[in-house]
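The values are calculated or read from the model by the stated rules, or taken from the named source; none is laboratory data. Computed from a predicted model, the values in this text were never measured in an experiment. With ideal geometry, Cβ positions are generated from the backbone for all residues, glycine too; neighbour counts draw on all protein chains shown.
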Amino acid sequence: MIEFVSWQPLVWLVAIAALALTLRYTLVDRPRLLLWASTGLRAAAILFLILALCRPFIGDEGDDAHVLFLVDVSQSVDLKQIPAACDQIDQWIEGLRSGDSWSLFALGNGVREFKTTAELRETIGKWQSGVADDEFRSATQLAESILATRAAFAAGKTSRMVLLTDGQETDGDLADALAQAEEEGIDVRRHPLAGISDAEASVVAIEPSSRQTFYGEVTRIGVTLAANAPIKGNLRLVHKGVAVQQRDVQLTADKQQTVYFDVDMTTPGASVWTAELLPEEDRFVVNNQAACTITVHGRPRVLAIHREPREMRPIARALVEQEIELEVRGEHGLPTSLEEMAAFDCIMLADMPATAMSPRQMQMLKQYVVDLGGGLMMLGSENSFGLGGYYKTPVEEVLPLISRYEKEKEKPSLAMVLVIDKSGSMDGQPIQLARQAAKAAVELLSPRDSIAVVGFDHESQLICEMTSAGDVESVQAAIDSLQAGGGTYMYPAMVEAKEMLEATPAKIRHMICLGDGQTQPADHEALAEEMADEGITVSTVALGAADTQLLASIAEIGRGRFYQTDDPNNVPQIFTKETMQATKSAIKEDLYGSVKTSDHPSLSGYEDSELPFTLGYVMTEAKPTAQMLLAAETGDPLLAIGRYGLGTGFAYTSDLTEKWGGEWLAWDGCGKFWAQMIRSVLRHNESEGVEITERREGDRWTVDVRRTDPSGAPMNGVKWDAALIDAEGLGSDVQMREVGLGRYQASVPVENRQNISLRVRDADHDKMSLLHWHRPYPNEYRLMQETPPALAALPLAATHTVIDELEPVVRQRSIVHYAYFAALACMLGGILLRRV
C-alpha cells in the first residue's frame, strides 16, 4: 500500500486543468488522436511530479537485524569470565547474515564502545596485568546503559539487545528501562556471567535496635555479614576511633548472618558507630565497613577547646557532678565536619585563636548555631575575642559580644606600621585579603593610636603615611590603592617603616611584616636587633612559600610573634589578633566583682547571691541585640547571651581556669552555677511526638514523619521547617509534604554526597529532630544480591545463534525516484508524439 508523507503538493493538480484549457483552444494543426495522446502524456508527467513532491513510500517486511552486545565488566563480575563471553559473541557474530550488523559496548559506571571483541579482550588483559579502571568498574548502571545505547541500532532493521551480566544492578529503574526498550521494539535477551570467584566477605548492613536512645540505655546493634566462601575473620565495633567490642566470626558461604553487640550508651548526643570486618581472605576492602548514627538523649554533651586541656580539669569535674559531660580537646580538636559538630549540644571555645581554625570551620560553627540550634560559648583568654583574631569573623557574628571596644585614655598609645608584600605572587585573592586585613586592623585601633602602611615588591612604596587611626576613611582609602606586581625585596620597606616609628612619640611602637616569597638577601636580623634596642617590636607573617626561617628569626629578635599559614583566608584573623596583642590594652587583670545587670532565666536562684570575684577579663563591647547578665565593677561585660537563628551564643570574658577563675573554682556553687549557664544555651532536640523513619530509594533519601499530640492523636497542617545540610556546610530548604493523617514526607537527592544531615523542626511547637545519613559503599560490592525480577524475567539468548525468534521488521521504503522516472518517461513520450 502506497502512503504519502505530505498531501499539500496535490494543490498543483490545477496545472492539469490549465493544460486541458490549452488543449481546448490550441491552434496546433495535428491529428486529434496524436494531440490527445501527447497532452495526456504531459498531464501524466505533471501528475507524477506532484506525487514525487508528496514523498510516497511503501511498507514491506525485512529480515535484516542489528544486534547490540552489552557486556558487564563491573567489579562484581569475575574478569576471567570476559574472554569466554567474547568467544560467545564471536560465535554469534559468525552466525549473522550478510545484511545483519552489530555493535559492542562494555558497561560499568557508564558505557564504552568497542569496535571489535579483540579490543575488549586487550582492555581486560591490561586490567588483569596492571591497574584496573576502578572508577568505571565501581557500578553496574544497567538501566542507564540500556537507555544510553539505543541510538546505536540501525534504522530499518530488527533490534535485539543481549545483556551479558551477572545481574547485580547498582542504581536506576531497570524495569522502566526495559519497558521503554520494549515500546521502541527492542528485543532484549540476557546471557548470565559468573560473579567473582575469589574469596570475598562483606558487611552488608549495620542496624541499631533504635536510633534514638537515652543515656545509660543498653542498645543492641546488629551487624549483618555475608561471604561467598567459608571465611574466618574478626568483627569490631568502633566508636570514636576505638574498638569498643570485637568478635571472632566464622562466615558461611552464600549465607547471611547477623552478629549482635549490646552497648551501653554513655556518649551523649549524635555519635557514629562503625562495624569493621577483618577477614582472613578477602578481595575488596571497600565493603568491609558500614556506619550508623545513634542519638543519645539525657546527659548533655559539651566540647571545650583549650590549648592546655589539663587547665580545664577542675571545671570538667565540677560539671560531671551536675550530669554534664565536658569533653576537652587541644587547640586542633575542633571538628572538621558539621555532622561531628552536631554530635555536641554545645561547643565551648575556651582558649583557641581564630588562626587555629580554617575559614570553613568558622562558617560551620556559625551554621551549627543558626541552622542546627547548637550553643556556642566563648570564654576569655589571651586567644579569645579580638585577642584571638575573631574580629569580623562568622564566629563573632553568633556571639553576643564584639571584639572592638573603647580603649581607656590612660592606656599607652600605639604606633603601628604594616609592611605588606605586594609582589606579583600576591596578585588576586592574597592581595585582596591583605587589604581586608589591613583595614580591619585600622578599625581595632583607638583615635589615640596611629598607623602607616608600606608596600614592597622590588622596592619600597609608601601606601599610607603615619596617620591617626581615628581617620579611618582616609587610611582605608589609601590601603585600597595597594596593588600587586614586581619582585620581592623586604629590607628597604622595613627600613622606611623603622624610620617612621622612630619619629613617633607613641609609647608602643610595633611593626607587622607580611611576605609570601623569598626576599632578596639583606641583613634583616641586624635591622630587627636595632629596632628591638630602640623599643620597636616586630611580628612577621609567612604566607605560603615565604622564607619561614628568616621571618621567624626576625620575629624572635624583634621580640614579636611569628605566624605561618598556607591559606590567604587566615591573613585577616592573623592581623586582627596581632593588632589586639600589640595594643596591650584588651586585658584587665585585678580583683573585680561580678555585678548582675539583668533578669534572665539562667540566673534563676542567684538573684540575691554574692557571686565570686574575677581575677581578670578581656575587654569587649555588647551587641545591641545581646542581653548582658553580668558586668565587672568597671561596667565592662563579663557574661552575655544572645539568640541567633535556632541557636544561642554565649560569652564569658573571664575564664574557668586557675588563671582568672580561681575564686569561682573554689566556690561551692561553681558546678551548679555553670551547669545552669550551659543548660541555657544547649541545643534543644525535643522530639517527643515526632516519630521518624527513613529509607534509601535509589538516589534519594526518603524521610517519613508521624506527628502526634500528647494524647497520641495525629496532628494535621503542621508547618515544618526542614533543611538539608551536607558535610561542606552547604544547606538547602526541604519541602515536607502532608501524605496522610498526621503523616508527612520529605524526599531529598543524595547525589554524590558522602554524609548529610536533615533538620526537621515544628517551629510552632518547638519540636526538632536532627537526622544523619551516611553513604554506604557502592552496591557493586555487596554480595549475595538477588537478580532484579525484571532482569530474571528476560529470556535467555540461545548460545548457537543470536537472531532466533526475531520478528520481521516493517520497513518504510521511499518510491520517490520511481515517480521521477515515470514523470521523465511521460514527458519524453509527449515530445515524441508531437514530432511524429
Mind checking whether some residue in segment 264-274 is in a strand (DSSP E or B) and in the same structural domain as Ile347 (by TED's automatic domain parsing)?
no
Hey, Ala626 touching a Phe, Trp or Tyr at 6+ places or on another chain (Cβ under 9 Å) and either under 30 Å from Val760 (Cα atoms) or not assigned by TED's automatic domain parsing to the domain that holds Gly388 (or both) or not
no
For segment 187-206 the number of residues that are part of a loop (DSSP other than H, G, I, E, B) and buried (at least 19 other Cβ atoms within 10 Å of the Cβ) is 3
Selection within segment 207-225 - at pLDDT 90 or above and crowded, with 17+ Cβ neighbours inside 10 Å:
Ile221, Val223, Leu225
Checking Ala546 against (1) surrounded by fewer than 22 Cβ atoms within 10 Å (Cβ to Cβ); (2) part of a loop (DSSP other than H, G, I, E, B), the condition it does not meet:
(1)
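Conditions (1) assigned to a strand (DSSP E or B); (2) crowded, with 20+ Cβ neighbours inside 10 Å, marked per residue:
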residue: Gly560; (1), (2): yes, yes
residue: Asn570; (1), (2): no, yes
residue: Ile574; (1), (2): no, yes
residue: Glu578; (1), (2): no, yes
residue: Gln581; (1), (2): no, yes
residue: Val595; (1), (2): yes, no
residue: Ser598; (1), (2): no, no
Quick check on segment 682-693. Is at least one of its residues aliphatic (A, V, I, L, M), touching a residue at least 12 places away in the same chain (Cβ under 8 Å) and touching a Lys or Arg at 6+ places or on another chain (Cβ under 7 Å)?
yes
Kindly list, by first and then second residue, each pair from a residue in segment 761-777 that is in contact (Cβ under 8 Å) with a residue 40 or more places away in the chain to a residue that is surrounded by fewer than 17 Cβ atoms within 10 Å (Cβ to Cβ) and assigned to a strand (DSSP E or B), limited to pairs with Cβ atoms under 6 Å and residues at least 6 apart or on different chains.
Arg761/Asp721; Ala763/Asp721
Let me spell it out: the conditions are (1) modelled with pLDDT under 75; (2) over 28 Å from the mean Cα position of the chain (by Cα); (3) of a type outside the set (Phe, Trp, Tyr); (4) over 19 Å from Leu770 (Cβ atoms), and Thr708 meets all of them except one. Which number is the exception?
(1)
Give just the number: which of (1) assigned by TED's automatic domain parsing to the domain that holds Glu217; (2) out of contact with any strand residue (DSSP E or B) (no Cβ under 7 Å at 6 or more places or on another chain) does Glu281 not satisfy?
(2)
Give the residue, chosen from Leu365, Leu372, Leu399, that is out of contact with any Cys (no Cβ under 8 Å at 6 or more places or on another chain) and free of Cβ contacts under 8 Å to residues at least 40 places away in the same chain.
Leu365
Go through segment 734-754 and count every residue that is surrounded by fewer than 19 Cβ atoms within 10 Å (Cβ to Cβ), part of a strand (DSSP E or B) and of a type outside the set (A, V, I, L, M).
7
Within segment 90-111, work out how many residues are over 20 Å from Lys80 (Cβ atoms) and within 36 Å of the chain's Cα centre (by Cα).
4
For segment 502-522, what are the residues that are over 20 Å from Leu414 (Cα atoms) and either without any contact (Cβ under 8 Å) to a residue 12 or more places away in the chain or touching a strand residue (DSSP E or B) at 6+ places or on another chain (Cβ under 8 Å) (or both)?
Gly515, Asp516, Gly517, Pro521
Against the definition (in a helix (DSSP H, G or I) and of a type in the set (Gly, Ala, Ser)), how does Ala484 come out, yes or no?
no
In this structure, does Val244 turn out to be at pLDDT 90 or above and surrounded by fewer than 18 Cβ atoms within 10 Å (Cβ to Cβ)?
yes
Those residues of segment 164-186 which are surrounded by 19 or more Cβ atoms within 10 Å (Cβ to Cβ) and acidic (Asp, Glu), in sequence order
Asp166, Glu169
Asp248: assigned to a strand (DSSP E or B), within 30 Å of Leu682 (Cβ to Cβ) and more than 32 Å from the chain's Cα centre (by Cα), yes or no?
no
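Matching residues to (1) without any contact (Cβ under 8 Å) to a residue 40 or more places away in the chain; (2) within 19 Å of Ile186 (Cβ to Cβ); (3) not β-branched (Val, Ile, Thr):
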{"position": "Phe69", "(1), (2), (3)": "no, yes, yes"}
{"position": "Asp78", "(1), (2), (3)": "no, no, yes"}
{"position": "Pro83", "(1), (2), (3)": "no, no, yes"}
{"position": "Gln91", "(1), (2), (3)": "no, no, yes"}
{"position": "Leu96", "(1), (2), (3)": "no, yes, yes"}
{"position": "Phe105", "(1), (2), (3)": "no, yes, yes"}
{"position": "Gly110", "(1), (2), (3)": "yes, no, yes"}
{"position": "Glu113", "(1), (2), (3)": "yes, yes, yes"}
{"position": "Thr116", "(1), (2), (3)": "yes, no, no"}
Lone qualifier among Gly156, Gly167 - being assigned to a loop (DSSP other than H, G, I, E, B), in contact (Cβ under 8 Å) with a residue 60 or more places away in the chain and under 30 Å from Asp63 (Cα atoms):
Gly156
Specify the residue that is farthest from Leu770 (Cα to Cα); the eligible residues are those in segment 305-345 that are of a type in the set (Gly, Ala, Ser) and assigned to a loop (DSSP other than H, G, I, E, B).
Gly330
Look through segment 763-792, keep the residues that are at pLDDT 85 or above and buried (at least 17 other Cβ atoms within 10 Å of the Cβ), and return whichever of them is nearest to Ser138 (Cα to Cα).
Leu791
So, in segment 458-477, how many residues would count as being in contact (Cβ under 8 Å) with a residue 24 or more places away in the chain and over 39 Å from the mean Cα position of the chain (by Cα)?
12
When residues of segment 297-328 are limited to those that are farther than 15 Å from Gly374 by Cβ and basic (Lys, Arg), the one farthest from the chain's Cα centre (by Cα):
Arg317
Conditions (1) in a loop (DSSP other than H, G, I, E, B); (2) crowded, with 16+ Cβ neighbours inside 10 Å; (3) under 42 Å from the mean Cα position of the chain (by Cα); number of the one not met by Leu514:
(1)
